[in-house]
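Q: Sending over a structure as C-alpha cells; questions will come in a sec.
The values are calculated or read from the model by the stated rules, or taken from the named source; none is laboratory data. Keep in mind the model is a prediction, meaning the values are calculated, not measured. Here Cβ is always computed from backbone atoms with ideal geometry, including for glycine, and neighbour counts include all displayed protein chains.
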Amino acid sequence: MREHLAASKRTEFEYVVACRADWSRTEFLVHLADDVSPEAVGEWRTAAAQLSLGYPAEYLTGRAQFCDLSLDIEEGVLVPRSETESLVERAADRVGEVLQSSRPLVGFEPCSGSGAISLAMADRLPTARMIGVDIDATAVRCALRSARRIGVTDRVTFMQANVLCSWNGFRRFAPAGFDFVISNPPYVTGERIQAAIESSPREPVHALYGGPDGLLFYRAIVERARRALRPGGLLFLEIDEGLEAAILKMLYASGMTNCRWFKDLQGLPRYMEARQEQ
Ligand SMILES: C[S@@+](CC[C@H](N)C(=O)[O-])C[C@H]1O[C@@H](n2cnc3c(N)ncnc32)[C@H](O)[C@@H]1O
C-alpha cells in the first residue's frame, strides 16, 4: 500500500500508521513484517487515499506537534506551521526581556486557529494569561480541548468572534490594556491564493485569504491593537514575504514605535514587531 503512494507521501503514511497504533518509528519498522487484519488493511487504504487527495497527515492522526506541545486538530482547522514556532520563540523572549512586571501579563491573540500560539506562549511564560479569538467554531473547539488536555484552562481562554469587528468586548480581560498582542492572521493575496489552495487543498481558505492585497487583517489588527495595548505594550505579527514594507508603513502611521521586521530560516521577511508608546 505504501508503495502505491507518491514518494513524498510515504513518510506521512508511515507517520499516520505509527501514530494511530501508538508506535515509535522503530516499532513501526519492527511491525512491518506482521500479519495485518483485513480491518487494518481497510483503514490504512483509506488513510493512503486521503493522503493522496491532499489531506494533511495531522487531520488523519487528530494531532499536530507545535513547540513541544501536542495539539488537537480536526479537518477544517489550519495545521500550525513550523515557521510560526519561531514567532512564538521570538515573542516569548521579547516579552520576558521588555515587559518585566510583578503582576501576571495578559496577551491577546486574534485569529488563534488551533490555539497553537496562545498555548505555546502560555507554556513559555508560566504566569501569563492568554485570550485567543477565532471566527471558526471547529478551531475554537480544538483549541479549548488542547487547553484542557494540557491543563491550562485557568490561564488560557479561547472564544469565537470576528476580529474584524470591535474588540471592546475583550477589554474585560485586561481593563488597563493588553501587555502584548500576537497574531498569525490570514495573509495570502488574491494573486497567490490559487497556488496556496493547490498546495494544500484540504485546508480552509478562510484561514489563508487576506483580501486582494493580503492586508485586510493587518489593517484591522494594527488599528485595534493600538487601542487595546497598554502603554509600552508589544505587538508581534507573522507576515508574508512582500508585505513587510506596507505593514511597516501602516505601523508607523498608526503611531507605534520601534517597528521592525525579521527574516525566517529561509531568509524571507516573516515576523514583525512594534511597541505602543510608553
Ligand atoms: C493563518 S490561520 C492562523 C491560525 C493559528 N494562529 C496558527 O498560527 O496556526 C488564520 C486564522 O484566522 C481565522 N480567521 C479568519 N477570519 C477571521 C475573522 N474575521 N475573525 C477571527 N478569526 C478569523 C481562521 O479561522 C484561521 O484560524
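Q: Which condition from (1) over 21 Å from Asp136 (Cβ atoms); (2) hydroxyl-bearing (Ser, Thr, Tyr); (3) buried (at least 16 other Cβ atoms within 10 Å of the Cβ) is the one that Ser183 breaks?
A: Here Ser183 clears every test but (1).
Q: Name the residues in the stretch 154-175 that are closer than 11 Å to Phe108 by Cβ and either surrounded by fewer than 12 Cβ atoms within 10 Å (Cβ to Cβ) or among the aromatic types (Phe, Trp, Tyr) (or both), would you?
A: Answer for the stretch 154-175, where residues must be closer than 11 Å to Phe108 by Cβ and either surrounded by fewer than 12 Cβ atoms within 10 Å (Cβ to Cβ) or among the aromatic types (Phe, Trp, Tyr) (or both): Trp167, Phe170, Phe173.
Q: Here is a follow-up. Does Leu119 fit the bill of being within 12 Å of the ligand (Cβ to nearest atom), in a helix (DSSP H, G or I) and touching a Ser or Thr at 6+ places or on another chain (Cβ under 8 Å)?
A: On the way: within 12 Å of the ligand (Cβ to nearest atom): yes; in a helix (DSSP H, G or I): yes; touching a Ser or Thr at 6+ places or on another chain (Cβ under 8 Å): yes.
The answer is yes for Leu119.
Q: Answer with yes or no whether Ile182 is assigned to a strand (DSSP E or B), more than 10 Å from the ligand (Cβ to nearest atom), touching a residue at least 24 places away in the same chain (Cβ under 8 Å) and under 16 Å from the mean Cα position of the chain (by Cα).
A: Values: assigned to a strand (DSSP E or B): yes; more than 10 Å from the ligand (Cβ to nearest atom): no; touching a residue at least 24 places away in the same chain (Cβ under 8 Å): yes; under 16 Å from the mean Cα position of the chain (by Cα): yes.
Considered against the rule, which asks whether it is assigned to a strand (DSSP E or B), more than 10 Å from the ligand (Cβ to nearest atom), touching a residue at least 24 places away in the same chain (Cβ under 8 Å) and under 16 Å from the mean Cα position of the chain (by Cα), Ile182 comes out as no.
Q: If we keep just the residues of the stretch 147-166 that are among the aliphatic types (A, V, I, L, M) and part of a loop (DSSP other than H, G, I, E, B), which is nearest to Ile117 (Cα to Cα)?
A: Quick first cut of the stretch 147-166, residues among the aliphatic types (A, V, I, L, M) only: 147, 150, 152, 156, 159, 161, 163-164.
Pick out the ones that are also part of a loop (DSSP other than H, G, I, E, B) and you get 152, 161, 163-164.
Values: Val152: 13, Ala161: 17, Val163: 16, Leu164: 19 Å.
Checking each candidate, the answer is Val152.
Q: Would it be correct to say that Arg129 is more than 24 Å from Glu74 (Cα to Cα), more than 9 Å from the ligand (Cβ to nearest atom), basic (Lys, Arg) and surrounded by 15 or more Cβ atoms within 10 Å (Cβ to Cβ)?
A: Numbers: more than 24 Å from Glu74 (Cα to Cα): yes; more than 9 Å from the ligand (Cβ to nearest atom): yes; basic (Lys, Arg): yes; surrounded by 15 or more Cβ atoms within 10 Å (Cβ to Cβ): yes.
For Arg129, the condition - more than 24 Å from Glu74 (Cα to Cα), more than 9 Å from the ligand (Cβ to nearest atom), basic (Lys, Arg) and surrounded by 15 or more Cβ atoms within 10 Å (Cβ to Cβ) - is met.
Q: Follow-up question, since we're still on this one. Within the stretch 81-116, track down each residue that is surrounded by fewer than 21 Cβ atoms within 10 Å (Cβ to Cβ), in a loop (DSSP other than H, G, I, E, B) and either small (Gly, Ala, Ser) or within 14 Å of the ligand (Cβ to nearest atom) (or both).
A: Listed by number, the residues that qualify are Arg81, Ser101, Ser102.
Q: Just checking, does the stretch 242-255 include any residue being at pLDDT 95 or above, β-branched (Val, Ile, Thr) and loosely packed, with under 15 Cβ neighbours inside 10 Å? Write out each step before concluding.
A: Of all residues in the stretch 242-255, those at pLDDT 95 or above come to 242-255.
Add one more test, that the residue is β-branched (Val, Ile, Thr), and what stays is 247.
Applying the additional criterion that residues be loosely packed, with under 15 Cβ neighbours inside 10 Å yields none.
Checking the stretch 242-255: not a single residue is at pLDDT 95 or above, β-branched (Val, Ile, Thr) and loosely packed, with under 15 Cβ neighbours inside 10 Å.
Q: Oh, and also: Looking at Ser114, Ser146, Ser199 in this structure, which one is of a type in the set (Ser, Thr, Tyr), out of contact with any Cys (no Cβ under 7 Å at 6 or more places or on another chain) and modelled with pLDDT of 95 or more?
A: Numbers: Ser114 fails: out of contact with any Cys (no Cβ under 7 Å at 6 or more places or on another chain); Ser199 fails: modelled with pLDDT of 95 or more.
The conditions single out Ser146.
Q: Sticking with this one: With Arg270, Arg275 as the choices, which residue is within 14 Å of the ligand (Cβ to nearest atom) and not hydroxyl-bearing (Ser, Thr, Tyr)?
A: Arg270
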